[in-house]
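Heads up, the thing below is written out as structure tokens.
The values are calculated or read from the model by the stated rules, or taken from the named source; none is laboratory data. Note that the structure is a prediction, hence the values are computed from the model and not measured. Neighbour counts run over all protein chains shown; Cβ positions are idealised from the backbone, glycine included. Side chains are part of the model used for accessible areas, which takes the heavy atoms of the whole protein and leaves out ligands, DNA and RNA. Shrake-Rupley method; radii C 1.70, N 1.55, O 1.52, S 1.80 Å.
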Amino acid sequence: MANLIRLLSSPSSTILGNDRRLKVIEFLREHNNEAEVSELVEYICKAEGNEDRRHRKSVYVSLVQTHLPRLQREGIVNVERGRVYLLGVPSEVHTFIELKNEGKNLWPLAYLIFSSISLLVSLALASSEGVIFSLILLALSIFHWICTR
């Protein structure tokens, strides 16, 4: 959990804040660290489950105007004449991508911890409303954890 907090508070969090930027890095890592912008658009559209012309244009525009310039400013990619080259990725980003690809979702655990603490505090304060609310939160967090496994 400490690694996740450190990761989210690092400068790399600007990269992690968007799935399209992560998809760009994933694709480049899997394809010898370089690709055409059109290949990235194709990959992202397939990943998002929408391959119509309007969506392709939207993805292209967001890559060219927002995501690739941000990755270039961070020193992660270099863009030359429609070709994107992966320069280097911070280790935190690699860690996050690997966790994400493994399917480990930490939110259910965070909800479970929060609702358990809430229940203990409510019991300590002898707050019947707090206990009821905490039990509802705990039940929802367990349900979420089961559904995301």
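Any residue at all in the stretch 72-85 that is in a helix (DSSP H, G or I), open to solvent by less than 100 Å² (accessible area, probe 1.4 Å) and at pLDDT 85 or above? The answer is yes, given that some residue of the stretch 72-85 is in a helix (DSSP H, G or I), open to solvent by less than 100 Å² (accessible area, probe 1.4 Å) and at pLDDT 85 or above. Summed over the stretch 42-58, residues that are assigned to a helix (DSSP H, G or I) and closer than 18 Å to GLU26 by Cβ total 7.
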